[in-house]
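The values are calculated or read from the model by the stated rules, or taken from the named source; none is laboratory data. From a predicted model like this one, the values you see are computed outputs, not experimental measurements. Reconstructed Cβ throughout: ideal geometry from the backbone, glycine too, with neighbour counts over all protein chains shown.
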Amino acid sequence: MQARHFDSYTSARSNLRSVLDAAQDGCITTIDRDRERFAVVDAVTLQAQLSRLLPSGAVVAAEGGGWVAFLPGLPVSGEGEDLDGALDDLLEALRDYAEDWNDHLRTAPNHQASWALVALVELSDDDQLRAWLLSGGPDDPR
């Protein structure tokens with residue numbers, strides 16, 4: 001059985017292949033450093049789980065001869081002449097928000113809860129994000 005829990009950074013660094021192999025195999029893999037514990041998970045699994053568990057709540061509507069798309073409660077929105085244009089604009093806004101969140105917004109009290117959204121944006125390509133935006137949430141059979 002491969003090692004999955006590493007009690008120090010040094011141990012994990014010395015066994016980096018085991019750390020990554022365990023995470024790739026879907027095993028719960030942890031690294032302790034000082035008094036903190038970190039989990040290592042492969043990006044594909046994390047992206048799939050976040051997109052399944054985090055409802056987008058996206059609102060899309062025809063408005064004024066065009067379309068708008070936004071996520072209520074977040075400072076992101078998109079506009080376009082058609083639905084695809086509005087979604088493309090919203091995707092760009094989400095990518096900008098993720099960049100700003102990682103740069104400075106993550107410490108702002110009204111943005112700290114956006115970690116999962118930002119992780120999903122960073123781990124998703126445009127097709128995955130578009131599908132997530134249009135999904136009905138965690139119970140959507142798609």
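Give all pairs with beta carbons closer than 6 Å in which a residue from the range 48-68 that is at positive phi meets a residue that is in a loop (DSSP other than H, G, I, E, B) and not hydrophobic (A, V, I, L, M, F, W, C); count only pairs at least 6 apart in sequence or on separate chains.
Close Cβ pairs (under 6 Å, with a partner that is in a loop (DSSP other than H, G, I, E, B) and not hydrophobic (A, V, I, L, M, F, W, C)) amount to G57/P72.
Yes or no, residue by residue, for (1) hydroxyl-bearing (S, T, Y); (2) modelled with pLDDT under 95; (3) more than 24 Å from V121 (Cα to Cα):
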site: A22; (1), (2), (3): no, yes, yes
site: T29; (1), (2), (3): yes, yes, no
site: Q47; (1), (2), (3): no, no, no
site: D82; (1), (2), (3): no, no, no
site: E92; (1), (2), (3): no, no, no
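Could you give me the residue pairs with C-beta distances under 9 Å whose first residue belongs to the range 1-23 and is in contact (Cβ under 8 Å) with a residue 12 or more places away in the chain, whose second residue is surrounded by fewer than 15 Cβ atoms within 10 Å (Cβ to Cβ) and assigned to a helix (DSSP H, G or I) wherever it lies, and which are 6+ apart or on separate chains?
Close Cβ pairs (under 9 Å, with a partner that is surrounded by fewer than 15 Cβ atoms within 10 Å (Cβ to Cβ) and assigned to a helix (DSSP H, G or I)) amount to F6/R13; F6/S14; V19/R13; A23/T45.
Would you confirm whether any residue within the range 81-92 is out of contact with any Phe, Trp or Tyr (no Cβ under 8 Å at 6 or more places or on another chain), free of Cβ contacts under 8 Å to residues at least 12 places away in the same chain and part of a loop (DSSP other than H, G, I, E, B)?
no
Can you tell me how many residues in the range 57-82 are farther than 11 Å from L133 by Cβ and hydrophobic (A, V, I, L, M, F, W, C)?
5
Restricting to the range 113-140, give me the number of residues that are at pLDDT below 95 and assigned to a loop (DSSP other than H, G, I, E, B).
6
For the range 93-112, how many residues meet the condition of being in contact with a Leu (Cβ under 7 Å, 6 or more places away or on another chain) and not in a helix (DSSP H, G or I)?
Selection size over the range 93-112: 1.
Can you go through A12, A69 and tell me which one is assigned by TED's automatic domain parsing to the domain that holds W115, surrounded by 12 or more Cβ atoms within 10 Å (Cβ to Cβ) and either touching a strand residue (DSSP E or B) at 6+ places or on another chain (Cβ under 6 Å) or under 18 Å from A119 (Cβ atoms) (or both)?
Going through A12, A69 in turn, just one is assigned by TED's automatic domain parsing to the domain that holds W115, surrounded by 12 or more Cβ atoms within 10 Å (Cβ to Cβ) and either touching a strand residue (DSSP E or B) at 6+ places or on another chain (Cβ under 6 Å) or under 18 Å from A119 (Cβ atoms) (or both): A69.
Test L74 against the criterion of being crowded, with 17+ Cβ neighbours inside 10 Å and out of contact with any Asp or Glu (no Cβ under 8 Å at 6 or more places or on another chain), and give yes or no.
It is false that L74 is crowded, with 17+ Cβ neighbours inside 10 Å and out of contact with any Asp or Glu (no Cβ under 8 Å at 6 or more places or on another chain).
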